[in-house]
Amino acid sequence: MKTEAAILVELNKPLEVVSLGLPALRAGQALVEIAYSGVCGTQVNEWLGKKGEDKWLPHCMGHEATGSVLEVGPGVTKVKASDKVVLSWLKGSGAEAGGAVYDWEGRRVNAGGVTTFQRHAVVSENRLSRLPEGLPMDVATMLGCAAPTGMGAVINVLRVRPGDAIAVFGTGGVGLNSLMAAAFSGATTIIGIDPSPFRRTLAKMYGATHVVDPAAGDPLEQIRAIVPQGVDVAVEASGLAEVMAAAMQATRAQGGRAVVVGNARAGATVSVDAAIFNQGKSLLGTWGGDSEPDRDFPRFGRLLGAGRFPVRDLLSKPYKLSEATDALQALADGVTGRPLLDMSLA
């Protein structure tokens with residue numbers, strides 16, 4: 001069996017849409033027909049070479065999607081054929097079966113435990129979760145990365161409480177999910193910071209009580225004009241080292257906390273005034289918002305489906321698989337919230 005995929009062959013070059021031969025399923029793997037794939041900043045960084053040397057070229061792309069299970073390999077019990085599923089880079093229960101290797105006219109094409117820029121994918125069992133009941137498959141793509149990372153940063157890591165003030169630096173797909181989670185958690189001052197006018201508009205739709213344009217002046221001064229003592233907590237979702245430092249500086253003394261969820265360019269370093277630590281501030285890291293798929297996906301799915309925010313509008317107008325490079329460029333340019341690849345489009 002063959003499938004169509006948009007693969008990365010050379011850094012800083014358009015993805016190539018090719019026909020791949022599917023490998024036989026090993027123990028702990030499942031074959032999934034992809035319905036929708038999200039596009040994340042991680043893939044932009046891969047595409048543009050910001051993650052450093054790529055030893056795995058050519059390789060498949062993508063790590064958040066929804067689809068239907070067609071077949072399962074030996075030992076798979078978490079899902080069965082015909083199940084609707086969410087695909088995620090976050091590991092849940094089930095077997096860790098490693099990556100797949102596809103055939104491209106005799107050439108090896110590498111893939112991790114989950115890839116999604118393709119019509120069919122061989123996926124490790126522990127990267128699959130059943131689709132929450134009632135959640136549309138296009139919206140549910142966000143459960144693969146954007147929601148657990150963004151919502152998890154707020155709910156699991158920062159544990160935002162009613163009345164808190166929060167700043168979210170970067171209001172792409174992950175940051176917008178952080179804004180929604182802050183609103184669900186009862187934060188009363190919710191500040192979205194982004195240089196993109198489009199994303200600042202989205203921020204207001206998804207929970208921000210205030211927005212800040214970094215191009216209009218020092219963002220820290222703008223934040224302090226809103227919250228003079230500094231915010232209680234901050235989320236950094238831009239991937240820029242200087243913004244990671246700013247997120248920590250934006251928090252209040254004696255208990256202010258900032259968490260970094262953005263992916264920085266390879267080799268980037270963060271520099272902060274050491275006195276900040278003596279002020280009682282904390283700079284935290286996280287692995288996907290400290291989210292556990294089996295525990296958190298049902299809860300985050302309920303939040304996405306609650307109807308409080310127009311979550312479908314966060315997603316772009318769907319792109320064809322053949323337009324995957326255009327989706328990456330739109331995300332890099334800041335003119336979309338979360339690009340979406342629709343595999344039903346020819």
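What follows draws every value from the coordinates through simple rules; no lab data is involved. Because the structure is a prediction, the values reported are computed rather than measured. Neighbour counts are summed over all protein chains in view; Cβ atoms, including those assigned to glycine, are modelled from backbone coordinates with ideal geometry.
With +1 assigned to the C-beta of every Lys and Arg and -1 to the C-beta of every Asp and Glu, and no other charges, what is the dipole magnitude of segment 146-289 about the Cα centre in debye, to the nearest 20? List each step's numbers first, then the result.
On the way: 10 positive and 9 negative charges, 60 e Å.
The dipole of segment 146-289 has a size of about 280 debye.
How high is the relative contact order of the chain, in percent, counting Cα pairs under 8 Å that sit 6 or more residues apart? If you can, show how the numbers build up before the last one.
On the way: 902 pairs, mean separation 64.2, N = 346.
This gives 19 percent for the chain.
Under 25 °C and 0.890 mPa s, how fast does segment 146-289 diffuse according to Stokes-Einstein, given a Kirkwood radius computed over C-alpha pairs? Answer in µm²/s, whole number.
Details: Rh = 14.4 Å.
After rounding, the answer is 170 µm²/s.
For every other residue with a beta carbon closer than 13 angstrom to the beta carbon of Ser124, add +1 if it is Lys or Arg and -1 if Asp or Glu, then tell me the sum. Don't skip to the answer; put the middle values down first.
Values: positive: Arg26, Lys78, Lys91, Arg127; negative: Glu96, Glu125.
Here the charged neighbours net out to +2.
Cα gyration tensor of segment 129-210, axes a ≥ b ≥ c as square roots of the eigenvalues: rounded (a/c below 1.5), prolate (a/b > b/c) or oblate? It would help to have the intermediate numbers written out before the result.
On the way: a/c = 2.07, a/b = 1.34, b/c = 1.54.
Verdict is oblate for segment 129-210.
Within segment 92-126, which GluC sites (Glu not before Pro) sit in a loop by DSSP and count at most 15 neighbouring Cβ atoms inside 10 Å? Provide the component values of the computation, followed by the final result.
Details: sites: Glu96, Glu105, Glu125; in loops: Glu96, Glu105.
Loop-located and lightly packed - Glu96, Glu105.
Apply the Karplus curve 6.51 cos²θ - 1.76 cosθ + 1.60, θ = phi - 60°, to the phi angles in segment 110-116 and return the couplings in whole Hz, x for Gly and Pro.
Along segment 110-116, the couplings run 7, 8, x, x, 8, 9, 9 Hz.
Counting other Cβ atoms within 10 Å, keep those with at most 11, restrict to DSSP loop, and tell me which GluC sites (Glu not before Pro) in segment 7-89 are left. Walk me through the numbers before you get to the answer.
Numbers: sites: Glu10, Glu16, Glu33, Glu46, Glu53, Glu64, Glu71; in loops: Glu10, Glu53.
When the GluC sites (Glu not before Pro) of segment 7-89 are filtered for loop state and at most 11 Cβ neighbours within 10 Å, Glu53 remain.
Apply the a/c threshold of 1.5 to the C-alpha gyration tensor of segment 81-217 and tell me whether it is rounded, prolate or oblate. Mind dumping the intermediate values first?
Working: a/c = 2.72, a/b = 1.91, b/c = 1.42.
Prolate.
If R0 is 51 Å, what FRET efficiency do you get for Ser19 and Ser271 from their C-beta distance, rounded to 0.05?
Details: r = 48 Å, r/R0 = 0.93.
Efficiency for this residue pair is about 0.60.
Using amide H atoms built 1.01 Å from N in the peptide plane, name the residues 5+ places from Ala65, or on other chains, whose amide H lies under 5 Å from its own.
Those qualifying (amide H under 5 Å, at least 5 residues apart or on another chain) are Gly38, Leu87, Gly144.
Output the pairs from Lys80/Lys320; Lys84/Lys320; Lys84/Lys317 with a Cα-Cα distance over 25 Å in this structure; if there are none, say none. Can you show the working numbers first?
Working: Lys80/Lys320 28 Å; Lys84/Lys320 21 Å; Lys84/Lys317 22 Å.
Lys80/Lys320, as the Cα separations exceed 25 Å there.
Need one word for segment 235-279: rounded, prolate or oblate. Basis is the Cα gyration tensor (sqrt eigenvalues a ≥ b ≥ c); a/c below 1.5 gives rounded, then a/b vs b/c decides. Display every interim value, and only then the final one.
Numbers: a/c = 3.06, a/b = 1.67, b/c = 1.84.
Judged from the Cα gyration tensor, segment 235-279 comes out oblate (a/c at least 1.5, b/c at or above a/b).
For Ala234, what residues show an amide H to amide H distance below 5 Å, using hydrogens built from the backbone and excluding near sequence neighbours?
Ala167, Arg257, Ala258, Val259
Give the range of the longest stretch in the chain that excludes all trypsin sites (Lys or Arg not before Pro) found in loop regions by DSSP and having at most 13 other beta-carbon atoms within 10 Å.
Numbers: sites that count: Lys55, Lys80, Arg159, Arg308.
Segment 160-307 is the longest.
Return the long-range amide H neighbours of Leu70 (sequence gap of 5 or more, or a different chain), with a cut-off of under 5 Å between placed amide H atoms.
So Leu70 has HN proximity to Leu31, Val32, Glu33, Ser82.
Calculate one ³J(HN,Hα) per residue across segment 281-288 by plugging θ = phi - 60° into the Karplus curve 6.51 cos²θ - 1.76 cosθ + 1.60, and present them in order as whole Hz with x for glycine and proline.
Coupling constants for segment 281-288: 8, 10, 10, 10, x, 7, 10, x Hz.
Quick one: work out the % antiparallel among DSSP beta bridges in the chain, nearest 5. Provide the component values of the computation, followed by the final result.
Details: 36 of 60 bridges.
Approximately 60 percent, going by the DSSP bridge assignments.
Mind giving me the FRET efficiency for Asn12 and Asp103? R0 is 22 Å, r the Cβ-Cβ distance, nearest 0.05 is fine. It would help to have the intermediate numbers written out before the result.
Details: r = 25 Å, r/R0 = 1.16.
For R0 = 22 Å, the calculated efficiency reads 0.30.
Please give the Cα centre distance for segment 129-206 versus segment 56-77, rounded to the nearest Å.
Using only Cα atoms, the two centres lie 26 Å from each other.
Quick one: Karplus J couplings for segment 66-76, per residue in order, coefficients 6.51, -1.76, 1.60, θ = phi - 60°, nearest Hz, x for Gly and Pro?
Each residue's phi maps through the Karplus curve to give 10, x, 10, 6, 9, 7, 10, x, x, x, 7 Hz.
How many nm is it between the label spots at Asp294 and Ile226, if each spot is 7 Å from the Cα in line with the beta carbon?
Roughly 3.9 nm, to one decimal.
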